[in-house]
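Engineer: Sharing a structure below in structure tokens format, with a few things to ask.
Rule-based calculations on the coordinates, nothing more; no lab input. The structure presented is a predicted model; accordingly, all values stated were derived computationally and were not measured. Backbone-built Cβ (ideal geometry, glycine too); neighbour counts: all protein chains shown.
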Amino acid sequence: MMMVRCYLGPSSIEGLGVFCHDDITRGDKVWRFDRMLDLSFPETKLENVERHVCDFLEHYSYPDPRRIGYRVLECDEGRFMNHSMYPNLDFSDGVWGIAVTDIPAGSELTRDYADFQTGEIVMQPPRHRVSTALLRSDMVLN
């Protein structure tokens, strides 16, 4: 669950990304696993759902670093967080996402997928078409 105000926007990394609404200070807790809002489910469940649901879950969930054989599906914008080899958030403990640097408002929040995934990191094709032409320059974010 995102613990800071954030929004989705076009990402130079891939499709949509998560951007912080306000400045974040190094060491701030930006994300945490919340049992009420973030789902941890057995990987075997992927075998029993329709193909389009499986595609969604495979794209937006990731191996649960706290429970072997389980995956995490985040309930909010966090599921759109993109990978970076030089992320501005550290998720290595599996419970918290902590800022590793000061992050100015309007910056994309990133994580290293290696914090929860072993082996080669394979990027899946985007599920969303994002056009910057659809964004109005006078749009105000609350």
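Engineer: Per residue of the stretch 70-75, in order, report the coupling 6.51 cos²θ - 1.76 cosθ + 1.60 (Karplus, θ = phi - 60°) as ³J(HN,Hα) in whole Hz, putting x for Gly and Pro.
Structural biologist: Once rounded to whole Hz, the list reads 10, 10, 10, 10, 7, 7.
Engineer: Can you list the HN-Hα couplings for the stretch 102-109, worked out from phi with the Karplus curve (6.51, -1.76, 1.60; θ = phi - 60°), rounded to whole Hz and with x for Gly and Pro?
Structural biologist: Karplus values, whole Hz, x for Gly and Pro: 5, 10, x, 3, x, 7, 6, 8.
Engineer: Let me ask another. What residues have an amide H closer than 5 Å to that of Cys6, excluding those fewer than 5 places away on the same chain, when H is modeled at 1.01 Å from N in the peptide plane?
Structural biologist: Here the answer is His21, since their amide H atoms fall under 5 Å of that of Cys6.
Engineer: Residue by residue through the stretch 6-21, what is 3J(HN,Hα) from phi via Karplus (6.51 cos²θ - 1.76 cosθ + 1.60, θ = phi - 60°)? Round to whole Hz and write x for glycine and proline.
Structural biologist: 8, 8, 8, x, x, 10, 6, 7, 5, x, 9, x, 9, 10, 7, 7
Engineer: So, one more: If each residue's Cβ is checked for other Cβ atoms within 10 Å, how do Cys20, Cys54 rank with the fewest at the top?
Structural biologist: Cys54, Cys20
Engineer: Please give the residues of the stretch 1-17, grouped as numeric ranges, whose backbone N is less than 20 Å from a label point set 7 Å along the Cα-to-Cβ vector of Asp23.
Structural biologist: Output list for this probe position: 3-7.
Engineer: Next question, about the same structure. Amide H neighbours of Gly97 under 5 Å, at least 5 residues apart or on other chains, H built in the peptide plane: list them.
Structural biologist: When sequence neighbours closer than 5 places are left aside, the close amide H contacts are Val30, Trp31, Arg32.
Engineer: Relative to the Cα centre, what is the charge dipole magnitude of the stretch 1-108, using +1 at the beta carbon of each Lys and Arg, -1 at the beta carbon of each Asp and Glu, and rounding to the nearest 20 debye? Mind dumping the intermediate values first?
Structural biologist: Working: 11 positive and 19 negative charges, 54 e Å.
That gives a dipole near 260 debye.
Engineer: Mind listing which chymotrypsin sites (Phe, Trp or Tyr not before Pro) in the stretch 52-109 are in a DSSP loop and have 14 or fewer other Cβ atoms within 10 Å?
Structural biologist: Answer by residue number: there is no such site.
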